[in-house]
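Input: a single structure, listed below in structure tokens.
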Amino acid sequence: MDASASHRPSSGRDSSQDRARASHATGASRDSRPEALAALADELMQREDHWQLATYSKIPLVLVEGRGCWVTDVQGRRFLDLYGGHCVASVGHCHPRLVQAVQDQAARLLFYSNAVYSDVRAEAAEKVASLAPEGLRRVFFCNSGSEANETALKIARRHTGRRRIVAMREGFHGRTLGSLAVTGLPGYLDPSWPVPTDDTTWVPYGDVEALDAALGDDVAAVLLEPIPSMGGVQVAAPGYFERLRESCGARGALLVFDEVQTGFGRTGTPFFGEGVGVVPDLITAAKGAAGGVPAGVVFVREDVAAGIGSGEQGTTFGGGPLACAALAATADILRDEGLCANAAAQGAWLTDELLRVPGVRAVHGRGLLLGVDLDRDAKPVIAALREAGILVGSSKPKAQMRLLPPLVLEREEAGLFVDALRAILT
Ligand SMILES: Cc1ncc(COP(=O)(O)O)c(C=O)c1O
């Protein structure tokens, strides 16, 4: 499969053509000497730091272009992006079909809310819902992962008439107050914030006994990332998900998979449950759903959906025409280019190869959501990879690095990473 060949730039770094393109992308004709471009990068970083709240600790890179698995900075340096713009660039950066769909829609009708019907929303709803498991094909469109999770919890509470949510200690579900109230990872809850956690019970991921003990008759939903990512990538032992499904069914709680990272093909199937033969009651998604355009989706079991009426949830921008054009195009690309299968194949190959690299202790995850455990602190290794022109993610466990590349990743590109890591670790 050669999903990205048509839109990936040739390898090689720092060409004058790249610099010229980078300069063009920032909107001005500029001095393209390396020292002038380095000064420009500094100036842009300073301006952004000056005007934006200091909530992010950023990688000192000013990116101006992307194609496939590659991004280019303002200095014309090219990087192999195994971080995927934070797990977002599912079909590759600037996939031509996605860009065309967004451009066409922007020129036709940029926005109108759910107050009216829309041709592109009808198309997106059908295409996106069809990716979900049978029985879960009703969708609510929103704008982000946090909003999708809050919506799912609202729906679960409404459906069951119960309040309590069981969530995982390792789970991350977003930064809004409602999604923080079910986030178990330490470091995100600050006592000075009025986060409403009274109705949350946390249990360890992968522990069925703890889950059963927490599943009282007041539990509306069990919410989890099927593969925790921010908290450190790990996959529960075989059988866990079936037991989870049974326990929720027996106690009348809805099972909610937060697939904000794992969804839309990343783990080798459109959604995680398909790979383990388990269908949850609700799935939340965002990140790669629209390939880079902000969009969140809640997939709802059909009988649960039937009980939801007008005015019970809403959002101005969710399901807007631009997002819907991107959602529909992303669903088409995932299917037409066989990207689920590619994610499974490249992930399996990477796992095998990485386990042969001295200094790699273990590889966790599935498809193209991988946590690579090293025999040392990952931070300097991540910095060295960046120096070598490769971007990867960090993780909560200090010795783990995370790979969340575009699903168009090719064997040759995966090989560049394995070779670079081997050189750094040895
Ligand atoms: C598993 C998971 N859920 C929810 C979220 C929140 O998504 P957003 O940042 O789009 O609100 C994230 C973001 O990283 C996530 O990884």
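The numbers here are math on the coordinates, done by the rules we state, and not lab data. Not measured: the values here are computed from a predicted model. Positions of Cβ are backbone-derived with ideal geometry, glycine not excepted, and every protein chain shown enters the neighbour counts.
Relative to the longest principal axis of the Cα atoms of the chain, helix 145-160 runs at roughly 10 degrees. Comparing MET401, MET45, MET168 in a Gaussian network model of the chain (Cα springs below 10 Å), the most mobile by mean-square fluctuation is MET45.
Each of ASP212, ASP81, ASP373, ASP352 has some number of other Cβ atoms within 10 Å of its Cβ, and from fewest to most they run ASP352, ASP212, ASP373, ASP81. Within the range 38-68, name every residue whose backbone N is under 17 Å away from a label modeled 7 Å from Cα of ARG386 along the Cβ vector. Only 38-39, 41-49, 55-65 pass the distance filter.
Rounded if a/c is under 1.5, else prolate if a/b beats b/c, else oblate: with a ≥ b ≥ c from the C-alpha gyration tensor eigenvalues square-rooted, which is the range 72-181? Oblate is the answer for the range 72-181, as a/c is 1.5 or above yet b/c matches or exceeds a/b. Using θ = phi - 60° in the Karplus curve 6.51 cos²θ - 1.76 cosθ + 1.60, the 3J(HN,Hα) couplings for the range 414-426 round to 4, x, 4, 5, 4, 5, 5, 5, 4, 4, 6, 6, 9 Hz; x is entered for Gly and Pro. Across the range 97-104, coupling constants 3J(HN,Hα) worked out from phi with the 6.51/-1.76/1.60 Karplus curve, θ = phi - 60°, read 5, 5, 4, 4, 4, 5, 4, 4 Hz, and Gly and Pro carry x. The mean sequence separation of alpha-carbon pairs under 8 Å and at least six residues apart, normalised by the residue count of the range 105-336, gives a relative contact order of 31 percent.
Under the criterion of Cα pairs below 8 Å and six or more residues apart, the relative contact order for the chain equals 21 percent.
Helix content alone sets the calculated 222 nm mean residue ellipticity of the chain: runs of n ≥ 4 DSSP H residues at -39500 (n - 2.57) each, divided across all residues, give -11500 deg cm²/dmol.
Can you tell me which lysines have their Cα less than 21 Å from the Cα of LYS127? Leave out same-chain residues fewer than eight positions away. Straight-line reach from LYS127, under 21 Å: LYS287. Compared with the dominant principal axis of the Cα atoms in the chain, helix 16-25 is inclined by about 50°. Considering only ALA290, ALA341, ALA122, the Gaussian network model of the chain with Cα springs below 10 Å gives its largest mean-square fluctuation to ALA122. Within the chain, the percentage of alpha carbon pairs spaced more than 34 angstrom apart rounds to 32%. Taking only the alpha carbons of the range 43-102, we obtain Rg and Dmax values of 13.2, 36 Å in that order. Taking the DSSP beta bridges with both ends in the range 105-336, the antiparallel portion is around 35 percent.
Sorted ascending by nearby beta carbons within 10 Å, beginning with the fewest, SER144, SER113, SER57 become SER57, SER113, SER144.
Suppose R0 equals 60 Å. What FRET efficiency, 1/(1 + (r/R0)^6) with r the Cβ-Cβ distance, do ALA36 and GLU134 give to the nearest 0.05?
The formula returns an efficiency of 0.55 here.
Would you mind checking the tilt of helix 378-387 against the longest principal axis of the Cα atoms of the chain, expressed as 0 to 90 degrees and rounded to 10? It works out to around 40 degrees.
Taking ASN114, ASN149, ASN342 as the candidate residues, the one with maximal mean-square fluctuation in a Gaussian network model of the chain, Cα springs under 10 Å, is ASN114. Here the chain carries DSSP beta bridges of which approximately 60% are antiparallel, counting only pairs with both residues inside.
Residues TRP51, TRP202, ranked from the fewest to the most other C-beta atoms within 10 Å, line up as TRP51, TRP202.
If eta is 1.306 mPa s and T is 10 °C, what Stokes-Einstein diffusion coefficient results for the range 105-336, Kirkwood Rh from Cα pairs, in µm²/s? Using the Kirkwood radius from Cα pairs, D works out to 89 µm²/s.
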